[in-house]
Amino acid sequence: MDLSGLRTEARRHLGELGTTFVTATVLDGAINAACERVNADTGFNRIDGTIGLSTGTREYTLPTAALDVYRVRLGSAYTSLTWTDKADLDNREPGWESGTSGTPTQYYVIGNKLGVHCKPHGTAAGTVLHVEYLRNPTSLATTTAVPSWCPIVGHRTIAKGAAIDVAGGFNATGDGTGTRIAKLYQEYVAEVQRLAGISNSRSREQVATLRPTGYKTFRQN
């Protein structure tokens, strides 16, 4: 469904097929806001980007459109880096920030920065980081523009989200916004949950698993 179709669908939910009360500019803003919200709620618009490493540099700025980071791999071999955070590094390796350079084996995310540990030496700096992240969708600017990052089944969800936004805002949920919008809100929530399920099932690497590696005997003293 393109932007023109999303407008028509959103107006149908609002009970207004003309432009008397809701102009195209207002509706387009609500549709693009709904695109961002559906993407953030479902985690669909995932891409693989690269970040070049520099000798001795530990932290790098993420792309401005990056919302979340899922995986980080190093170099042409796509060697997976292990997720960590600064608190864990402080506990395990006191003084890690002043440690020697080497080949990064771990990464952390803080704010709009992606950090690696250890900081890259000259050889590692000749490679890149492959970063899989959730990207904020590009705004739909023309009537023929399509939110191609989202499966077709989610296009009507975007239209419902726009209608909810125009009618009273997401913070209003179903309270005081009328029976129509209350019902629309419940449908939106259910559809977003289904879309999130589809998105997560496509990324099996994110599913935690237990791997038995042997048996140990414990004795109480």
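With (1) surrounded by fewer than 20 Cβ atoms within 10 Å (Cβ to Cβ); (2) within 19 Å of ARG156 (Cβ to Cβ); (3) at pLDDT 95 or above as the list, and SER80 as the residue in question, which single condition is left unmet? Single failed check for SER80: (2). Please go through the stretch 27-48 and pick out each residue that is buried (at least 16 other Cβ atoms within 10 Å of the Cβ) and assigned to a strand (DSSP E or B). Passing the criteria: only ARG46.
Quick grid of which residues meet (1) assigned to a loop (DSSP other than H, G, I, E, B); (2) over 20 Å from LEU195 (Cβ atoms):
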position: VAL69; (1), (2): no, yes
position: VAL72; (1), (2): no, yes
position: ASN91; (1), (2): no, yes
position: VAL116; (1), (2): no, yes
position: TYR133; (1), (2): no, no
position: PRO147; (1), (2): yes, no
position: ARG156; (1), (2): no, no
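Going by the structure shown, is THR84 out of contact with any Phe, Trp or Tyr (no Cβ under 9 Å at 6 or more places or on another chain) and either outside the structural domain of VAL153 (by TED's automatic domain parsing) or aromatic (Phe, Trp, Tyr) (or both)? Give the steps one after another, and end with the answer.
Numbers: out of contact with any Phe, Trp or Tyr (no Cβ under 9 Å at 6 or more places or on another chain): no; either outside the structural domain of VAL153 (by TED's automatic domain parsing) or aromatic (Phe, Trp, Tyr) (or both): yes.
So THR84 fails the test.
The values are calculated or read from the model by the stated rules, or taken from the named source; none is laboratory data. Not measured: the values here are computed from a predicted model. FYI the Cβ positions are ideal-geometry reconstructions off the backbone, even for glycines, and counts take in every protein chain you see.
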